[in-house]
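Q: Below are the structure tokens for one structure; questions will follow.
The values are calculated or read from the model by the stated rules, or taken from the named source; none is laboratory data. Here the structure is a predicted model, which means the values were calculated and not measured. Reconstructed Cβ throughout: ideal geometry from the backbone, glycine too, with neighbour counts over all protein chains shown.
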Amino acid sequence: MLTAGILGYMTLIKLITNGYAVYLIQYNDRIYNYFRPYLDVVGEEEKEPDSEDHAVVFGNSRLDEVVRPVLDEEFDEVVFVEANPHEMRQLEDEGEEFVFGDPRHPEVRREAGVKDASAVISLEEDFDLDNEMAQTLETVFIAVSDDEEEAEELMKNGAEHVILEDKAVEKILREKLGAKL
């Protein structure tokens, strides 16, 4: 039979376990980065990129029809990081190189060769991801945003350029319509 003491002890263990679980889930990237040097001893070898001159693109948005031709012209290799299975199938059908997964995860970024890329372009419009990349990457980083304040902060934190979609469309329309008048 369960006594009040045993039930109290079980409740305490449950609360402590839940607290640790929430902490581990919330800060998994930080914890992983802290222990990564120790894991590399027995971990996988670093993947060498197929090309010295490659770009990594987060996301495969409607902008990719504009972005792809430019990247194909400028880089020997382009690797897409995509978490959407539908978009992944489209990339596969088009013969594009891709890594399936969420670009917020360090393992996915490692597999895509972000560290050795000549340029990283984020079409995700994920401020937290873009901010982390702007602060940590030592290469050209270009992001897309709809918010001017976020764009300014990304530029301040190290992004090479932030494309404001709304402003870019407005500028093009003004130029084209102004030329017709």
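Q: For segment 98-118, enumerate the residues that are part of a helix (DSSP H, G or I) and touching a Gly at 6+ places or on another chain (Cβ under 8 Å).
A: The answer is GLU107, VAL108, GLU111.
Q: Sticking with this structure for a sec: Taking segment 139-150 only, how many residues are at pLDDT below 90 and not in a strand (DSSP E or B)?
A: Summing the residues that are at pLDDT below 90 and not in a strand (DSSP E or B) in segment 139-150 gives 3.
Q: Within segment 134-150, count every residue that is free of Cβ contacts under 8 Å to residues at least 60 places away in the same chain, aliphatic (A, V, I, L, M) and surrounded by 15 or more Cβ atoms within 10 Å (Cβ to Cβ).
A: Here the count works out to 4.
Q: Would you pick out the residues in segment 117-151 that are polar (S, T, N, Q) and within 12 Å of ILE163 (Cβ to Cβ)?
A: Scanning segment 117-151 gives SER122, SER145.
Q: Quick one: would you say GLU165 is modelled with pLDDT under 90, touching a strand residue (DSSP E or B) at 6+ places or on another chain (Cβ under 9 Å) and closer than 16 Å to PHE80 by Cβ?
A: No, not satisfied.
Q: Taking segment 64-79 as the search range and keeping residues that are aliphatic (A, V, I, L, M) and surrounded by fewer than 16 Cβ atoms within 10 Å (Cβ to Cβ), which one is nearest to ALA112 (Cα to Cα)?
A: Top of the filtered list is VAL70.
Q: Closer than 24 Å to ARG36 by Cα, free of Cβ contacts under 8 Å to residues at least 40 places away in the same chain and of a type outside the set (A, V, I, L, M) - does that describe any residue in segment 172-180?
A: No: segment 172-180 contains no residue that is closer than 24 Å to ARG36 by Cα, free of Cβ contacts under 8 Å to residues at least 40 places away in the same chain and of a type outside the set (A, V, I, L, M).
Q: Ok, one more. Between residues in segment 114-128 that are not assigned by TED's automatic domain parsing to the domain that holds VAL70 and residues that are of a type in the set (S, T, N, Q) and at pLDDT 90 or above, which pairs lie under 6 Å by C-beta distance while being six or more apart or on different chains?
A: No pair meets every condition.
Q: Sticking with this one: Report, by residue number, each residue of segment 80-89 that is over 13 Å from the mean Cα position of the chain (by Cα) and surrounded by 16 or more Cβ atoms within 10 Å (Cβ to Cβ).
A: GLU87, MET88
Q: Could you tell me how many of the residues in segment 60-89 are touching a strand residue (DSSP E or B) at 6+ places or on another chain (Cβ under 9 Å) and outside any loop (DSSP other than H, G, I, E, B)?
A: 15
Q: Out of the residues in segment 151-180 that are closer than 19 Å to MET133 by Cα and charged (D, E, K, R), which is surrounded by the fewest Cβ atoms within 10 Å (Cβ to Cβ)?
A: LYS156
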